[in-house]
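As structure tokens, the structure follows; a few thoughts come after it.
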């Protein structure tokens with residue numbers, strides 16, 4: 001039955017809860033819930049809305065039109081993606097006054113969020129945390145291959161060894177969530193609500209418009225997109 005506990009769920013949930021407790025006792029450590037999401041330019045989310053009597057709001061089905069060329073960071077023409085992807089980190093950190101601050105950090109991806117891009121994303125997160133005086137990222141994420149691959153695991157191990165050897169930087173303590181347990185990751189509801197906030201009832205958003213609305217809805221800056229270097233793609 002779906003409601004029956006699955007093997008390993010309690011153990012992995014306990015690991016997540018342990019990180020949450022650790023974060024409360026170490027002000028220089030940061031708890032981060034991580035996930036990737038795709039923002040469809042065509043699919044309309046299910047939602048409820050108030051409307052004048054007799055004038056219901058109807059979301060228009062978006063139909064793909066011939067796409068225009070846009071310039072990517074490499075200077076070559078590229079098509080508008082149907083579903084731009086991004087990495088997200090929902091951070092729980094304590095400021096200098098001890099107050100808990102919650103922020104969402106986004107990095108959009110030119111292409112797919114694969115292992116190599118994940119490493120670059122983690123490096124960026126650690127750089128931001130180090131700049132704010134933090135020393136550890138307690139990272140909670142799911143079992144996606146881009147999180148559990150050999151490349152990512154080796155990168156995290158090497159990153160932690162380097163931080164320990166130098167006596168500086170931000171170490172990463174990663175915890176995997178149980179499979180098919182999105183309710184254990186508080187960033188998941190933010191994706192749902194944001195998709196409803198940015199919806200365009202009767203028009204097709206460009207990638208630039210869509211990413212701008214996402215960042216505005218989540219209150220974060222629009223950073224340069226991540227991509228795989230050409231010489232390793």
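The values are calculated or read from the model by the stated rules, or taken from the named source; none is laboratory data. What you are looking at is a predicted structure, and each value in this text was computed from that prediction instead of being measured. Glycine also receives a Cβ, built like all others from the backbone with ideal geometry; neighbour counts cover every protein chain displayed.
What the table shows:
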{"read-out": "Any hit, segment 145-161, residues being buried (at least 16 other Cβ atoms within 10 Å of the Cβ) and under 14 Å from the mean Cα position of the chain (by Cα)", "value": "yes"}
{"read-out": "Subset tally (residues that are more than 11 Å from the chain's Cα centre (by Cα), buried (at least 17 other Cβ atoms within 10 Å of the Cβ) and either modelled with pLDDT of 90 or more or under 26 Å from residue 228 (Cα atoms) (or both)) for segment 75-108", "value": "4"}
{"read-out": "Some residue of segment 153-161 being in contact with a helix residue (DSSP H, G or I) (Cβ under 6 Å, 6 or more places away or on another chain) and closer than 21 Å to residue 17 by Cα", "value": "no"}
{"read-out": "Some residue of segment 117-137 being in a strand (DSSP E or B) and modelled with pLDDT of 95 or more", "value": "yes"}
{"read-out": "Flag if residue 212 is assigned to a helix (DSSP H, G or I), within 25 Å of residue 27 (Cβ to Cβ) and without any contact (Cβ under 8 Å) to a residue 12 or more places away in the chain", "value": "no"}
{"read-out": "Filtered residues of segment 148-168 (kept if at pLDDT below 95 and in a loop (DSSP other than H, G, I, E, B))", "value": "167, 168"}
{"read-out": "Number of the condition not met by residue 119 [criteria: (1) surrounded by fewer than 20 Cβ atoms within 10 Å (Cβ to Cβ); (2) over 20 Å from residue 228 (Cβ atoms)]", "value": "(2)"}
{"read-out": "Residue check, residue 186 under 15 Å from the mean Cα position of the chain (by Cα), surrounded by fewer than 16 Cβ atoms within 10 Å (Cβ to Cβ) and either in contact (Cβ under 8 Å) with a residue 24 or more places away in the chain or under 24 Å from residue 103 (Cβ atoms) (or both)", "value": "yes"}
{"read-out": "Yes/no for residue 200 being surrounded by fewer than 16 Cβ atoms within 10 Å (Cβ to Cβ), within 26 Å of residue 116 (Cα to Cα) and in contact with a helix residue (DSSP H, G or I) (Cβ under 9 Å, 6 or more places away or on another chain)", "value": "no"}
{"read-out": "Filter pass, residue 112 being surrounded by fewer than 14 Cβ atoms within 10 Å (Cβ to Cβ) and either under 27 Å from residue 41 (Cα atoms) or in contact (Cβ under 8 Å) with a residue 12 or more places away in the chain (or both)", "value": "yes"}
